[in-house]
Amino acid sequence: MPATSRMTRVAVRTLFATSILATTLTAAPAVALDRGLPSHQCTVNGVSVPPGAEVRGTNRKDRIECENDVENMTIWGGGGDDYIRVKGLIIDSQILGGDGDDTIQTSHLAPRYGQSTVRGNNGNDTLIVATVRGTAEHGATVYGDMGNDKITVGSVHGAPGDYARGGGQVFGNDGEDHIVTGAIDFGGRALGGSENDHIEAKSLGAEAGGVIQGGPGQDRISGLGGSVLKAGPGWGFVDGGLDDDQCRVVHASPDRARSTIASCE
């Protein structure tokens, strides 16, 4: 009997412990994916700023520089003619010029869980971005916004999703903008916006597909340096938009053209 009693007590304790463990596992809340804290190394006017969700300039002319990747954060130039330089990747972050004639120079836009964005905001801005590659869910986008902007980017890749959001896209927006791009392909888009814009691309839809749209105004669309742009042989769409537009664009494969050239002289 004593041996049987000890065995019974061991069995009860084991069952109790198993029950507690099961209850704990069942009741434990779901743990959110840890995307890490910002760990950038940035300076504002030569003064180091601690890592955080935001780096802000002043209402005067600022120089903001970041040596490595920026992730899950916003850089805001504020007022004045600012210079913003990010040498690392732009991961799920926004780079905003603010008011003034700003110069923004960045490495690659690399969205991971969210959006990666560069915006000039108000003023005649100069934007230089290495590559603009996104997906329908996680977009990589460059906006000139208000003013006569000069936008220079490398390749623009990534098909947008619903309502033409996401993907790899470049927008001139308001003002007379000059957009120069590398290859626009795999659903990448470049859009001039309002007024008289000039869009130059190295190639369009060489492998899969790409879009160039001038929008309202008397726009010019061409290859780099005013050369003839070949649309395709994958699929390319060029639309000058409203008003009288000049397009130096031809089909890459005239005998089996898969591209569309519309609203162009």
Would you check if V86 is under 18 Å from T181 (Cβ atoms) and crowded, with 21+ Cβ neighbours inside 10 Å?
no
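Being touching an Asp or Glu at 6+ places or on another chain (Cβ under 7 Å) and under 21 Å from K230 (Cβ atoms) is true for just one of G166, G192, G182, G175. Which residue is that? Show your work before the answer.
On the way: G166 fails: under 21 Å from K230 (Cβ atoms); G182 fails: touching an Asp or Glu at 6+ places or on another chain (Cβ under 7 Å); G175 fails: under 21 Å from K230 (Cβ atoms).
Result: G192 is the single residue among G166, G192, G182, G175 that is touching an Asp or Glu at 6+ places or on another chain (Cβ under 7 Å) and under 21 Å from K230 (Cβ atoms).
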For segment 108-127, does any single residue satisfy the condition of being under 26 Å from G188 (Cβ atoms), of a type in the set (G, A, S), assigned to a strand (DSSP E or B) and without any contact (Cβ under 8 Å) to a residue 60 or more places away in the chain?
yes
State which residue is surrounded by the fewest Cβ atoms within 10 Å (Cβ to Cβ) when the search covers only segment 226-237 and only residues that are in contact with a strand residue (DSSP E or B) (Cβ under 8 Å, 6 or more places away or on another chain) and within 11 Å of A201 (Cβ to Cβ).
K230
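Yes/no per residue for (1) buried (at least 23 other Cβ atoms within 10 Å of the Cβ); (2) assigned to a loop (DSSP other than H, G, I, E, B); (3) out of contact with any Ser or Thr (no Cβ under 9 Å at 6 or more places or on another chain):
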{"site": "D174", "(1), (2), (3)": "no, yes, no"}
{"site": "I179", "(1), (2), (3)": "yes, no, no"}
{"site": "G182", "(1), (2), (3)": "no, no, no"}
{"site": "A190", "(1), (2), (3)": "yes, no, no"}
{"site": "G193", "(1), (2), (3)": "yes, yes, yes"}
{"site": "E200", "(1), (2), (3)": "no, no, no"}
{"site": "E207", "(1), (2), (3)": "no, yes, yes"}
{"site": "I212", "(1), (2), (3)": "yes, no, no"}
{"site": "P216", "(1), (2), (3)": "no, yes, no"}
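With S194, S253, S259 as the choices, which residue is modelled with pLDDT under 95, in contact with a strand residue (DSSP E or B) (Cβ under 8 Å, 6 or more places away or on another chain) and among the small types (G, A, S)? Step through it out loud before you land on a result.
Numbers: S194 fails: in contact with a strand residue (DSSP E or B) (Cβ under 8 Å, 6 or more places away or on another chain); S253 fails: in contact with a strand residue (DSSP E or B) (Cβ under 8 Å, 6 or more places away or on another chain).
So the residue among S194, S253, S259 that is modelled with pLDDT under 95, in contact with a strand residue (DSSP E or B) (Cβ under 8 Å, 6 or more places away or on another chain) and among the small types (G, A, S) is S259.
Which of the residues spanning segment 61-107 are in a strand (DSSP E or B) and of a type in the set (K, R)?
Here is the first cut: in segment 61-107, the residues in a strand (DSSP E or B) are 63-66, 70-71, 74-76, 83-86, 90-91, 94-96, 103-106.
Across segment 61-107, the qualifying residues are R63, R85.
The values are calculated or read from the model by the stated rules, or taken from the named source; none is laboratory data. Here the structure is a predicted model, which is why all the values come from computation and not from measurement. Counting neighbours? That spans all protein chains shown, and the Cβs are built from the backbone with ideal geometry, glycine included.
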